[in-house]
Amino acid sequence: MSAFRMTQVIFWLGLSIYLGGLATLGGIVAWQLFSILGHTSVHVVGMSAHLNQSRQLAGLIFGRILEAFNVVEIVCLALMFLAIFAQMALHLNLLNIWVWLRLILAVLLLLISVYDIFIISPAIHRQHHQWITNIDAHPAMARVHQQIFWQLHRTSETLGVSEIGLLLLLLVVSAWGISQPTRRQFLVPAVPGHTPSAASPHA
């Protein structure tokens, strides 16, 4: 039973840091950065005067924060899957629909996170770099990269909202349907007057 509790702690640790981090970054950090720096007169050495330097600085800072949080996301996903697979292998009844529903949601979260971190984010950085590099010498080309940048940026925002939605669903499914071991060896001793047999099959 203590081993199951430990897997629960590992799972909830990963989920809570992941969900809390995303909500905090999107709802507080980005809002404060762009509301303060975005409306402040800032001059960045080496940056084109054709750009809104204050907003560019805010975006640069927030981008670095997101890059650091990507590492946290990967660690949290690893903790969650470690707990899920350990519980499925040792503690939970695999005929329970909640077990598989949680696994499906976790896999969807993994796919979205990997797509955002390893495909969309690098593409955003490339397009932003091309936009900034060409803003003075090749303004028409810069506008093309700017449009692609904002399209990718909106895609990344949508993926972030999807991650939060999946994390909330994982929270509900895990709290509602997976709260204690359901394998026979854990449940049988709890029945009054019943002496479990060593050959008792697993549920």
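The values are calculated or read from the model by the stated rules, or taken from the named source; none is laboratory data. Just so we're clear, the structure is a prediction, and the values are computed from it rather than from any experiment. Note that we place each Cβ from the backbone using ideal geometry, even for glycine, and neighbour counts take in every protein chain shown.
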Fill in: The listed residue being without any contact (Cβ under 8 Å) to a residue 40 or more places away in the chain and closer than 23 Å to G27 by Cα, out of W100, W150, W131
W150
Worksheet, complete the sentence: Residues in region 44-78 that are under 22 Å from I164 (Cβ atoms), loosely packed, with under 13 Cβ neighbours inside 10 Å and of a type in the set (S, T, N, Q) total 0
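For region 70-189, please list each of the helices (runs of 4 or more DSSP H) lying entirely inside it that holds at least 2 residues being touching a Gly at 6+ places or on another chain (Cβ under 9 Å) and closer than 23 Å to S16 by Cα.
97-115, 139-177
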Worksheet item: Quick one: in region 99-127, which of the residues that are β-branched (V, I, T) and closer than 12 Å to S156 by Cβ is surrounded by the most Cβ atoms within 10 Å (Cβ to Cβ)?
Response: I124
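Residue-wise test of (1) under 25 Å from I117 (Cβ atoms); (2) of a type in the set (D, E, K, R); (3) more than 26 Å from the chain's Cα centre (by Cα).
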| site | (1), (2), (3) |
| --- | --- |
| E67 | yes, yes, no |
| M80 | yes, no, no |
| M88 | no, no, no |
| N96 | no, no, no |
| W100 | no, no, no |
Practice prompt. State whether the residues of region 163-171 include one that is of a type outside the set (S, T, N, Q) and either modelled with pLDDT under 95 or under 25 Å from A49 (Cα atoms) (or both).
Written response: no
Practice prompt. Name the residue, out of V44, V9, that is of a type in the set (V, I, T) and modelled with pLDDT of 75 or more.
Written response: V9
Worksheet item: Any residue at all in region 1-12 that is of a type in the set (S, T, Y) and surrounded by 15 or more Cβ atoms within 10 Å (Cβ to Cβ)?
Response: yes
Discussion item. Any residue at all in region 90-97 that's at pLDDT 95 or above, farther than 30 Å from P139 by Cβ and surrounded by 16 or more Cβ atoms within 10 Å (Cβ to Cβ)?
Written reply: no
